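Colleague: First the structure, which I've put down as structure tokens, then a few questions once you've had a look.
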Amino acid sequence: MADSFLNITDSTFFLISKCDSIVLLVESAIVCFGNGLVVAVTWRSKTLRSSCYVLIAVQAVCDILRQGQQLVITYGAFAEIRLSLYQCYMLNLVGTLAMDYCTILMLFIAVDRFVAAKFPFLYLRLTRRKYYLATILCSCFLYTSILKIVFYVQIGNETLFCTVGALQNFAKNDIWLICNTTVNVTVILIYVALTRVTKASLSEYQKINRSLNILILIHIIGWVLPFAVVIGLSFLIRSRLFLSAIQITMIAVWNINMIAPVFIYYFCSSVYNAEIRKMLRFIGDATHTSVQSVSTF
């Protein structure tokens, strides 16, 4: 009885996919706008020139690039087509590169913040070195490239409804699963440790701790829970179609990790708050001037 319920038809799958795709597109618009603001204020502001701010801006760029995955899902849902593993891999290449790059970059950002709080003098010596940022960014690229090569050699001849989750399942990419799990769990542990460090070392620890606790909570809700649901169900459910439908729905939850940061930065960081306000005023003034020019003409 349970198996017959879980074996959904193609039409049911595509109906679920279409509904989820609309949600994903709305989320993508929010992600692009929010992270675009982070990139823009980092580019314009002289205040946001430290290594951590630059790394956060790079992460924001990656989050924007990842939205290409949502376009692939939307196209597949409304066109109602299957793709080969190779086609799915190539269509999602930029998005999955950005996803894996962003994952390992989060670890470096967490370590950067921990060292800055725990060992400030060591941190100053490190960040004054010419190749500090370049080393981090190149290490992330190396990690991501290795994962993509390992993934590529495992591609078979199967066809699938193209989502990132389905791509991982069909390729049986255990190395990616282990690496991704290890990195994300480590990020959570570092942020938990960081809350104790800031509490002991900074006078304004309450505000910092609050932002860190929010980051931890969002990372757990936006990554740990959906990831655990999908992995757990992959061992229990034999219907790949039903599992793909769940994965698409879970992507909407995963996107919380990309939507939330800009709001955390705005409400919990006085620096970002001031710079984002300046940027929004600049956009508002430019729009007002443009409208006035058109109306005058």
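Colleague: At q = 0.15, 0.16, 0.17, 0.20 Å⁻¹, what is the base-10 log of I(q)/I(0) for the stretch 79-152 according to the Debye formula with one equal point scatterer per Cα and no solvent? Please give it to two decimals.
Modeller: The calculated log intensity ratios at q = 0.15, 0.16, 0.17, 0.20 Å⁻¹ are -0.63, -0.68, -0.73, -0.87.
Colleague: Further question: Which of the peptides 71-82, 141-152 is most tightly packed, and how do the rest follow, going by the mean number of other Cβ atoms within 10 Å of each residue?
Modeller: Ranked from most to least packed, the peptides come out as 71-82, 141-152.
Colleague: Hey, another quick one. What are the ³J(HN,Hα) values, in whole Hz, obtained from phi via the Karplus relation 6.51 cos²θ - 1.76 cosθ + 1.60 with θ = phi - 60°, for each residue of the stretch 103-112 in sequence order, with x given for Gly and Pro?
Modeller: 4, 6, 5, 4, 5, 5, 5, 4, 5, 4
Colleague: Moving on. Over all directions, average the projected area of the Cα convex hull of the stretch 3-158 and note it in nm².
Modeller: The directionally averaged projection comes out at 12.4 nm².
Colleague: Could you work out how much longer the chain between Phe141 and Val26 gets when fully extended? Use 0.36 nm per residue separation minus the Cα distance between them, nm to one decimal.
Modeller: 38.5 nm
Each reported figure results from applying straightforward, stated rules to the coordinates on display, with no laboratory input. Given the structure is predicted, the values throughout are model-derived calculations rather than measurements. Every residue, glycine as well, gets a Cβ built from its backbone with ideal geometry; the counts of neighbours run over all protein chains shown.
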